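Worksheet for the structure shown next.
Each reported figure results from applying straightforward, stated rules to the coordinates on display, with no laboratory input. Just so it is clear, the structure is predicted and the values come from calculations on it, not from any experiment. Here Cβ is always computed from backbone atoms with ideal geometry, including for glycine, and neighbour counts include all displayed protein chains.
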């Protein structure tokens, strides 16, 4: 996150004016005892972590005021501490340190705890300290403090309070929010480090304070020293004293003063303290009051809607759907998995840099968000943590656990620019997207299946949504596009979306100025789908941040249902609600709808109702493995409702399922129905049934099972051939038979069926090789047969025929028999279009392989293929190539010559058409265009070179001149004196 | 023409080695100006194609042997490109539509119709029709066959069709009735032996009669196979000896081993291993009916008399079912399991009777 301004910088950017103000102030305050409070407050705001540092200081100020008789001593001690820490300060310094908690004393310990300012205990401590000081102002502060304390206990964030206290904390609402999980995950070590940092920071500040003091009040210091010298002693002094034993057993004698003296001293200090009091005391008092008021108003505000909510919910709006009524409106109300919520929110928060970012005017929006979500403290508390966690290295650890890529691109956008929520219906995906987007300060624009999603309309919607904002709407919040039910969108639309997302990157790469900037996606897009593996979503899935929804915990859902039931005064119990949740597959929507239905019916909901009713059931798609499991496993008895059709008037009883065949059959049929992919299911059963329990030792069961496999196959084949799906329902009964034959109570080991696919792939491969072989067969070798004959009869024997025994010697040294064999092999190979090619084997060495790969054809494990050694293959490969060339060369001109002659002699002895060959015609001189002037010559490579006769003569003349001269050179182009000569290819071979 | 099957293939009807009477008939058929569509049927390696080529030569002269092979590309209605190899001369076209698999109808419609529609360019001294040779005609789908039947009637003036099939049973009756069927039976043992010996003589080798007979046995009277086997045997060991090893077809050996494994053990584990082997055979392109046949032959040979009939009964049942389905492995395994079942029962009964 280097590209961002760090927190301090950011703070400075945002609060520049305030800072300037603040910077002016300290100069005036410096001379005084508690001088740098406001400055430190500003600093503290920057820090966002050291609120109690301020607390300490402010308390300092207060204590200065509150106990004037000691204040001198306190500061003196501090100064001494700063001045000569190691110099073995006087006993008085020591005592004071212990008494008044200079940075090395107990307050330092509290300083350590500053990162945990949210801990209520500390808060309490502070409050009690505040209250115990016994000032007049305490009385007024008390209610507010108590409320604050209360809030602290209620997990409210103290920073909120401080913001109210110190006015100008405009929390970075749009900063990422911090996950408490991470907070917890933070190790002890990190805490320690933070604590140490804090201590050092405090100490530094303290030193600054003391420094300024020392600089300005050297005389005062001296006085103080004198005061100490006068009042404390190691030896028994001559003034009245109290003996105190120090921890190192040394005695210190503290002087008693008379009451008038004390009074005098007090008066002296309070004369100075008035100034300070007007500076800090009054201001602080005011702030406290304000804080109290704010807190008070908030608590009342919060409590009010609750009351009204209950009131409105209970009886009004009878026509409204409960699903709508009890829709979560705040983040805290969300039922879905916390991790999912948080990761999505975090992703959304990552957009803040781009969306809100430096744009300072976005404050309003934050206010709007705060105002909207302000009714609950929890929401704010989440937001407040936000400000802090960006600098937190703890997120790095989180990355590995989540699929979220926390990196951002150069523009500060998250790397994954789209979030894709996927999960079965009714879990609250849409609700989550809306809630979180609103929570994060966006205006949600939803595009769902009911909208026109043709590529054009889609394009328009997406572009408008990302590049414009509502003008008419009062709150100018940025848009967040929610593409609901995206799995139903046309493929082109999704492709456009993907392009749109990645185009930004592309344009940026080009960097064509403003125009390029224009197209960059600067708004988050959330897509929602049910089936993430929809083929149309494939391109999107690769670029998106995929958040898959785990099913909601049944108990958690039931709790919510209980709440709703309570509010709606529906009589029910937890057990039946759990049953309802389970029955609907934890579908929130369906549960609430069912409850409303029951409420409308009879204002009660019992377990019987749930079990007895078909409400809330839906076609759930079960995974393949789940179905196979159902087939190979006998279900354990479950709670179910025993209904007797004959005695329908009697109340039904809840009993355990009897594991009769009927029930099992129904279970299996249900499971098989829910999957529907019968072909794959069959294959899975087929590849797994032999590992299951065998019904009998005599294979009768296996035979029965296989008969059903055959039946299934036949039916499937007929269906696919004739597209006659009327017999489709029969397919499922095979599964019942297999279940009854092989199912056990034990957990079955089921592996995914791959053999069928492997078979298909391998046979395709084989077919390709075979087709290549077929194509290569020349017309002179048609006797080898065609199709299957070639494969079954010829290929196996061909391997033998092509494996002559050859010694590894040069061709010339082979015996006549070997020569003959070699000749034969080569001829066969050429006839069949085979050759050996050198390929690199998997082990890395080179082998000669037949091309097409004859060895792979009709190859069975354990049977030898071509037995030729490497050398022979190499030899044959060469010879085959030569033979190829030889055959490709035109046959000698001799046979064609007589034919040509005959043809010229007369048409009477005309050859059949197919025997005629073309005869080259000599090019006659008149046909040539520039025959007299040009001489057609060819160079070595057959290119025609033109030489005009005139130049020839000129050259001749030149050469004559050259020859006549005494010395002459002759330049020869090229490397040799090659002589052009006609050579036939057969002469070379 | 290096392989013996090609090298010593008769090129004229007069030089055929067996079914000479039939050859004579064919020759007289050619002498007439016209002849009907023909369908040569007979087992593989009996010389159907040889006879067809001889017949063509008889009709058109040596020019028919100047072959060229071409690859033609067709586009199916579903916009799929398929390639079909054709071998043709000026007078005839040989095509194997089963190369196109299920799209053979396109081949029949496009290619054959197109060729049939065109006339011979040069009629002088020639026949006025061309010949289309369809090899492996029994692999044609029903659709393709139906597409063919009208073509055969409509363009009878310009083209004759010669179909070469293994069995007429898979040819629809409509085509069967349009063709003159010519049965080419596999040569008998003595014929093959004499052919093998004459071949060896021309190659300058001496072939012991015993070896020739064994080759005949092993080749199942398939002349092509016999010649290839002999040639392979020659490569392995040059001067023939009577008890020389004759190379086997790998897949047959594999099948035989599979059968003996079935006999040896009847457990689910074994069944799974057998399944692997069957998968292997299917991947290597061995047609399932051949696998079935090989298995049944071996099993029946090896099992007791009392369960032979039952085995055969089940074999027919399952093989028939296999024809109606698409996943051959199910049916093959079903048969194997069924055999294991009856064999196991038989064994246990045997033990029982032994005990008493």
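Some values worked out for this structure:
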read-out: Shielding by partners - mean other protein chain Cβ count within 10 Å, residues of B:230-237; value: 5
read-out: Modelled FRET efficiency - R0 30 Å, residue A:332 with residue A:666, Cβ distances, 0.05 increments; value: 0.10
read-out: Degrees, to the nearest 10: B:189-203 long Cα axis against longest axis of chain B; value: 70 degrees
read-out: Residues in segment B:174-206 reached by a label modelled at residue B:25 [backbone nitrogen below 16 Å; 7 Å Cα→Cβ]; value: B:179-187
read-out: Extension gain, residue A:838 back to residue A:262 (0.36 nm per residue minus Cα-Cα distance, nm); value: 196.5 nm
read-out: Extension gain (nm, one decimal) between residue A:775 and residue A:745, 0.36 nm per residue minus Cα-Cα; value: 5.2 nm
read-out: Shielding by other protein chains, B:334-345, mean Cβ within 10 Å; value: 5
read-out: With Cα atoms, 0 to 90° folded angle of helix B:250-264 axis to chain B main axis; value: 30 degrees
read-out: Relative contact order for segment B:212-356, counting Cα pairs under 8 Å that sit 6 or more residues apart, in percent; value: 20 percent
read-out: Inter-chain Cβ neighbour average for residues A:852-862, partner chain, 10 Å; value: 3
read-out: Cα-based equivalent ellipsoid, segment B:4-183: semi-axes from gyration tensor eigenvalues, Å; value: 25, 18, 17
read-out: Between helix B:288-302 and chain B: long-axis angle, C-alpha atoms, 0 to 90°, nearest 10; value: 40 degrees
read-out: FRET efficiency estimate (nearest 0.05) - Cβ-Cβ, residue A:573 to residue A:204, R0 51 angstrom; value: 0.25
read-out: Computed label-point distance, nm, for sites residue A:884 and residue A:768 using a 7 Å Cα→Cβ extension; value: 2.0 nm
read-out: FRET efficiency, residue B:78 to residue B:127 (Cβ-Cβ, R0 45 Å, nearest 0.05); value: 0.75
read-out: Tensor-based shape of segment B:38-136 (alpha-carbon gyration tensor, a/c under 1.5 rounded, otherwise prolate or oblate); value: oblate
read-out: Ranked packing of A:579-589, B:311-321, A:488-498, most packed first, by mean Cβ within 10 Å; value: A:579-589, A:488-498, B:311-321
read-out: Approximate spin-label separation residue B:201-residue A:759, in nm, with each point projected 7 Å along Cα-to-Cβ; value: 5.0 nm
read-out: Cα centroid separation, segment A:419-444 to segment A:661-722 (Å); value: 42 Å
read-out: Label zone at residue B:347 (point 7 Å along Cα-to-Cβ), backbone N below 12 Å, segment A:699-739; value: A:699
read-out: Projected label distance in nm at residue A:600 and residue B:261, using a 7 Å step from Cα toward the beta-carbon; value: 6.5 nm
read-out: Length released on extending from residue A:449 to residue A:805, taking residue separation times 0.36 nm less the Cα-Cα span; value: 120.9 nm
